[in-house]
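Before any comments, here is the structure.
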Amino acid sequence: MSADDVARVFAIEDKVERLKAATDGVAAAQQTINELTRIRRAVIRELHAEGWTFARIGAAAGLSRARIHQVSTQGPVPEGLFFGHGTLTVLAPEVRTGRLLGAPDPAAAQRLAELLRQLGFVATVETFLPGRPLDLNRDGLVVLGGPELSPSLRQLVVADPRLRRTVTRAGDTRRGIEDRAARRVYRPGGTEPHDIAYLARLPRPDRRGTVMLIDGLHPPGSLGAIRLLATRLATLHERASTHLFSVLIAVRYDRTTGEPVDADLLTPVYRHETDQKSAANRTRP
């Protein structure tokens with residue numbers, strides 16, 4: 001909030017309206033502080049990993065070595081940058097009755113939003129009616145659900161050069177995902193309750209940003225993906241950073257409750273630009 005904004009709030013005559021404006025301003029300022037603190041911690045971590053001492057980093061930033069060491073451990077964790085910055089919107093289908101193919105667990109949206117808030121983000125939940133086109137050309141979108149839920153999501157996942165949906169034959173509703181390079185199809189199965197979740201950051205239709213997509217092949221898979229984000233976020237950020245990527249997650253869950261018991265990476269974290277550059281090099285004369 002700038003000095004002009006503060007002066008505008010101070011000039012509001014109605015006390016209740018002035019209180020509301022000041023409260024909103026504090027919330028906005030705190031969010032800005034959270035974002036900048038996260039970025040600062042991330043840069044300090046990166047420089048230190050490159051061999052910079054805290055004294056050298058402090059000298060470059062105009063801070064003491066002790067202060068740099070202190071701020072490197074305070075505030076939102078750097079790996080939160082995996083989700084980007086600014087306000088985040090969790091977009092999930094509205095399921096009124098029964099189960100819907102491709103829909104996440106009913107608890108997934110609120111659980112994901114709570115995780116994002118714990119990471120220091122302002123996060124809201126928004127629902128959409130299945131079967132209809134979606135506006136995916138918005139910043140900060142994290143979508144829960146599969147391509148069966150909207151033609152817009154079907155179009156989105158086509159951009160993945162490594163992982164794609166597959167079925168064994170016409171009319172087969174057993175969802176699976178093919179790793180094209182490994183020439184392997186992953187499907188839920190085994191002696192224990194087991195599901196697979198797809199996690200990806202894909203280009204928006206307008207190519208002016210990205211959308212994060214979380215799709216469990218069954219409802220427990222979505223909860224398992226959120227569990228992995230809560231427990232292995234640093235690993236995901238280290239391997240994917242803010243680049244386009246996709247990965248499959250193996251989820252073991254309790255047969256009675258549907259709650260995930262364990263979640264781990266099933267495939268490597270595939271960064272898509274590597275594939276795109278390789279393809280471009282192969283087409284050069």
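The values are calculated or read from the model by the stated rules, or taken from the named source; none is laboratory data. This one's a predicted model, so the numbers in the text were calculated from it and none came from an experiment. Cβ placement follows ideal geometry from the backbone for every residue including glycine, while neighbour counts extend to all protein chains displayed. The accessibility values were calculated without ligands, DNA or RNA, using every heavy atom of the protein model including side chains. Shrake-Rupley method; radii C 1.70, N 1.55, O 1.52, S 1.80 Å.
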(message) Take the residues in region 34-51 that are open to solvent by less than 60 Å² (accessible area, probe 1.4 Å) and not charged (D, E, K, R); name whichever of them is nearest to residue 118 (Cα to Cα).
(response) 34
(message) Could you check region 83-104 and list, in sequence order, the residues that are more than 24 Å from residue 195 (Cα to Cα) and either assigned to a loop (DSSP other than H, G, I, E, B) or open to solvent by less than 10 Å² (accessible area, probe 1.4 Å) (or both)?
(response) 84, 85, 86, 87, 88
(request) Tell me which residues, restricted to region 244-259, are more than 15 Å from residue 177 (Cβ to Cβ) and either at pLDDT 95 or above or in a helix (DSSP H, G or I) (or both). (result) 244
(request) Confirm whether residue 61 is aliphatic (A, V, I, L, M) and open to solvent by 30 Å² or more (accessible area, probe 1.4 Å). (result) yes
